[in-house]
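What follows is a short report on a single structure.
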Amino acid sequence: MKKTITVLIVISFLLLCSCQKTAKKTFFALDTVVEIKTYGEMPDGAEEYVKELEKVFSKTDTKSELYLQNEKEESTPSKLLYGLIKRSLDISADTKGAFDITSGALTGLWDEAAEKGALPDAESINACKENCGYEKVRTENGSVYKPKDLKFDLGAVAKGYIAELTVKKLQSLGVSSGFASFGGSIAVIGDKPDGSGYKIGVRSPDGDGVIGYTVIRHGIVSTSGDYERYFEYGGKRYHHIIDTATGMPSQSGVRSCTVISDDGTVSDALSTALFVNPSLLDELYGKYDFEAVLITENKTVITTANAEFVITAKDYSPADR
Ligand code: ADP
Ligand code: MG
């Protein structure tokens, strides 16, 4: 079966005044195409920096720190890995497991299913569910304690975090305007040289166009959608975001969820959490600093108070809330 990957968000890099030089770098990392664009010179070292981070967080590289750590019951990871695991565990608890970094057994089962193009059986799903659960992990003084068969999957949070780290690195190397795009997560740096912000479009779940756009000047935008990675079986679509409560691809009525925050961990983790359980929106909005745009299967658009999302698709309308 074919696995399909599409881009969920689009960003405009056009400049009203064409007098400023721009630079672009594209490479493959973290299972996605990474694109870095800057106004002015591209500093050396950006790609190398991302590749270093990939060696820590990759779930597929069998030599990554995360992969090796997943084999152990007790470990003392690097500060970088420990920090992201600890924050992700907190967010897993705050989202009541809608986002759960301990879902590695289940997501691994569904990754295999996508490769084979066949559904996993109920017994395997139940066995994998037993090996998930953020409440089964303990962290203390830089060490992590977990059941052996429980596997962390940072796939729903690492790209947002790395996008944030990458723009910070670019800023430290003298870039004052540009962006870094990691598939579902884009981080922007400052205004464009003409003073305008970056126009971010949310793609239509059903085609090539966009549902609408918002303009941002800083922060990270992450989108999770059911049309991003999926396979088809028996005429039905099975996407890659799993509801750990059922062990199945989530079916919350949300087709895509976009979260904007200055914190890349928050934007990426909450885009996944709200895709799985949109009823958490108000509770999480009171607790974290973010804005969100949810596109539903009923062709409505749910937005938080200050999202400033402009709907351009004629067949979509704001949701009554
Ligand atoms: P993207 O593919 O753009 O990273 P997400 O941020 O939503 O999209 O992350 C999806 C990935 O996260 C999946 O490929 C899987 O590895 C993992 N994942 C799937 N479901 C969950 C979940 N409920 N909680 C945490 N991680 C998940
Ligand atoms: Mg995510």
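The values are calculated or read from the model by the stated rules, or taken from the named source; none is laboratory data. Since this is a predicted model, take the numbers as computed values, not measurements. Cβ atoms come from the backbone with ideal geometry, glycine included; neighbour counts cover every protein chain shown. Note: accessible area is taken over every heavy atom of the protein model, side chains too, but ligands, DNA and RNA are not part of it. Shrake-Rupley method; radii C 1.70, N 1.55, O 1.52, S 1.80 Å.
Restricting attention to segment 46-69, which residues are touching a Lys or Arg at 6+ places or on another chain (Cβ under 8 Å), open to solvent by 30 Å² or more (accessible area, probe 1.4 Å) and not basic (Lys, Arg)? GLU47, TYR49, ASP61, GLU65, TYR67, listed by residue number.
Tell me, which residue of segment 179-214 that is assigned to a loop (DSSP other than H, G, I, E, B) and within 16 Å of ligand 1 (Cβ to nearest atom) is farthest from the chain's Cα centre (by Cα)?
In the first step, residues of segment 179-214 are kept if they are assigned to a loop (DSSP other than H, G, I, E, B); the result is 183-184, 190-197, 204-209.
Keeping just the survivors that are within 16 Å of ligand 1 (Cβ to nearest atom) gives 183-184, 205.
Working: GLY183: 8, GLY184: 5, PRO205: 17 Å.
That would be PRO205.
Which residue is farthest from ligand 1 (Cβ to nearest atom), if the candidates are limited to segment 262-279 and must be open to solvent by 10 Å² or more (accessible area, probe 1.4 Å) and touching a helix residue (DSSP H, G or I) at 6+ places or on another chain (Cβ under 9 Å)?
Within segment 262-279, the subset open to solvent by 10 Å² or more (accessible area, probe 1.4 Å) is 262-263, 268, 272, 276-279.
Restricting the remaining residues to those that are touching a helix residue (DSSP H, G or I) at 6+ places or on another chain (Cβ under 9 Å) gives 262-263, 268.
Numbers: ASP262: 18, ASP263: 15, ASP268: 5 Å.
For segment 262-279, the residue satisfying everything is ASP262.
Within segment 222-248, can you find the residues that are part of a loop (DSSP other than H, G, I, E, B) and away from ligand 2 (no atom under 16 Å from the Cβ)?
Here is the first cut: in segment 222-248, the residues part of a loop (DSSP other than H, G, I, E, B) are 226-228, 234-235, 240-241, 244-247.
Passing the criteria: GLY234, GLY235, ALA245, THR246, GLY247.
Residue under question is LYS24, and the condition is that it be charged (D, E, K, R) and touching a Lys or Arg at 6+ places or on another chain (Cβ under 7 Å); does it hold?
Judged against the criteria, LYS24 is a match.
Among the residues of segment 110-148, those identified as open to solvent by 40 Å² or more (accessible area, probe 1.4 Å), closer than 19 Å to HIS240 by Cβ and within 15 Å of ligand 1 (Cβ to nearest atom) are ASP111, GLU112, GLU115, LYS129, ASN131.
Report yes if ASP282 is among the charged types (D, E, K, R), within 16 Å of ligand 2 (Cβ to nearest atom) and assigned to a helix (DSSP H, G or I), otherwise no. So ASP282 fails the test.
Would a scan of segment 224-234 turn up a residue that is within 16 Å of ligand 1 (Cβ to nearest atom) and among the acidic types (Asp, Glu)? Within segment 224-234, one or more residues are within 16 Å of ligand 1 (Cβ to nearest atom) and among the acidic types (Asp, Glu). Counting only residues that are away from ligand 2 (no atom under 16 Å from the Cβ) and within 16 Å of ASP153 (Cβ to Cβ), which one in segment 84-105 is surrounded by the fewest Cβ atoms within 10 Å (Cβ to Cβ)? Ranking the candidates gives LYS86 first.
Applying a threshold of 7 Å to beta carbon distances and a minimum spacing of six or more residues, or different chains, the list of pairs starting in segment 48-63 at a residue that is β-branched (Val, Ile, Thr) and ending at one that is open to solvent by 40 Å² or more (accessible area, probe 1.4 Å) reads VAL56/GLU65; VAL56/SER78; VAL56/LEU80; THR60/ASP31. Quick check on segment 230-254: of everything there that is touching a strand residue (DSSP E or B) at 6+ places or on another chain (Cβ under 6 Å) and open to solvent by 40 Å² or more (accessible area, probe 1.4 Å), which residue is farthest from ILE91 (Cα to Cα)? If we take residues in segment 230-254 being touching a strand residue (DSSP E or B) at 6+ places or on another chain (Cβ under 6 Å) and open to solvent by 40 Å² or more (accessible area, probe 1.4 Å), then ARG237 is farthest from ILE91 (Cα to Cα).
So that you can scan it fast, the table gives a plain yes or no per residue for (1) more than 16 Å from ligand 2 (Cβ to nearest atom); (2) without any contact (Cβ under 8 Å) to a residue 24 or more places away in the chain; (3) open to solvent by less than 40 Å² (accessible area, probe 1.4 Å):
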| site | (1), (2), (3) |
| --- | --- |
| ALA156 | no, no, yes |
| ALA163 | no, no, yes |
| SER172 | yes, yes, no |
| SER181 | no, no, yes |
| ILE189 | yes, no, yes |
| GLY201 | yes, no, yes |
| PRO205 | yes, no, yes |
| ASP208 | yes, yes, no |
| TYR213 | yes, no, no |
